[in-house]
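The values are calculated or read from the model by the stated rules, or taken from the named source; none is laboratory data. None of the values given here were measured: they were computed from a predicted structure. Every residue, glycine as well, gets a Cβ built from its backbone with ideal geometry; the counts of neighbours run over all protein chains shown. In case anyone asks, the SASA skips ligands and DNA or RNA and just uses the protein heavy atoms, side chains included. Shrake-Rupley method; radii C 1.70, N 1.55, O 1.52, S 1.80 Å.
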Amino acid sequence: MTLAERHRYILDQLEKTGLVTVSDLAKELNVTMVTVRKDLKLLEDKGLLFRSHGSATSVSPYVSDRSVQVKKLEQVEEKRKIAQKALDFLEPNEAIIIGSGTTVGTFAQAIPRNYPLTVLTSAMNVALALIDTTELELVQLGGVVRKSSSSAVGHFAEEMLKSFACSKLFLSVDGISLEHGLTTSNMMEAHLNAEMIRSVQKTIVLADSQKFGRKGFGKICELEDIDVIITDSGIPEIYREKLEEKGIEVWVV
């Protein structure tokens, strides 16, 4: 296979899946991983892809900090379906944590008004969505307000979290990467989310398919630290395969 043929194959695979890995390409093209890395660098220099450690994507993997007022207008139907599926993971009278973000905000809105739960949250949009529930006890974490996410972060929120024991965490993220795990655009939010994961028995990530292959500034955890991902049908198949290989339960709506 010539250089041009290899490059065409790589770009075709990227168009189909959104992600290619160095190891897979080396096997498929019957060349060394050194050759693949050189090919990916040439293609990146031409602006045709974005390289990462051991892989490449068709879009920039980096995410910036954006307001929930902007993000709530994106992937609206996908978030609604994800939220509906997440309801299946609720059990009456349990205590749960709901993180911050627009997808978990949609989930909070979908919880039946008379469902018996205790909900601990750092997010003001989540708290407001649950304020009119009749059987639900709501605990709001306090701290420094991060305006872009409408949530509390920092030392006070983390210390308050230590006073509670919850069974499940419903978490939104800005990025899900095979190499970098779960990330968000703010390091203080990432640290609080990591503390939330450590304080529960099961972590359920609610993320639309645009989050795959992306990464933010603050790392939350490794992929192995989570239990379930609920996403939409736009998830690249390679991600679904790799996540399930790690023992993560993936639900596609």
Exercise. Which angle from 0 to 90°, rounded to the nearest 10, does the C-alpha axis of helix 3-17 make with the longest principal axis of the chain?
Worked result: 20
Exercise. By how many nm would the segment from ASP12 to GLU137 lengthen if fully extended, with 0.36 nm per residue of separation less the alpha-carbon distance?
Worked result: 39.9 nm
Exercise. Given the alpha-carbon gyration tensor of the stretch 158-253, what are the semi-axes of its equivalent ellipsoid in whole angstrom, ordered largest first, with each equal to the square root of 5 times an eigenvalue?
Worked result: 22, 15, 10
For this session: Using the structure shown, select from LYS27/LYS85; LYS81/LYS242; LYS41/LYS79; LYS81/LYS215; LYS81/LYS202 the pairs with a Cα to Cα distance greater than 29 angstrom.
Result: LYS27/LYS85; LYS41/LYS79
For this session: Please give the helix 33-45 orientation as an angle from the longest Cα principal axis of the chain, in degrees from 0 to 90, rounded to the nearest 10.
Result: 80
For this session: For the chain, find the longest principal axis of its Cα atoms and tell me its angle to the long axis of helix 76-86, 0 to 90°, nearest 10.
Result: 60
For this session: Stick to Cα atoms and the Kirkwood definition of Rh, then tell me Rg/Rh for the stretch 68-252.
Result: 0.93
For this session: Grab the beta carbon distance between ALA26 and TYR62, set R0 = 30 Å, and tell me the FRET efficiency rounded to 0.05.
Result: 0.70
For this session: Report the normalised scattering of the stretch 134-208 as log10 I(q)/I(0) at q = 0.14, 0.23, 0.26 Å⁻¹, calculated by the Debye formula with identical scatterers on the alpha carbons.
Result: -0.48, -1.23, -1.42
Exercise. In whole percent, how big is the carbon plus sulfur part of the accessible area of the chain, probe 1.4 Å, protein atoms only?
Worked result: 52
Seminar exercise, completed: To the nearest 0.05, the calculated FRET efficiency linking MET1 and SER233 through their beta-carbon distance, R0 being 35 Å, is 0.60
Problem set entry | Relative frequency of Cα-Cα separations exceeding 13 Å in the stretch 3-57, percent | 51
Problem set entry | the chain - accessible surface per residue (Å², probe 1.4 Å) | 48
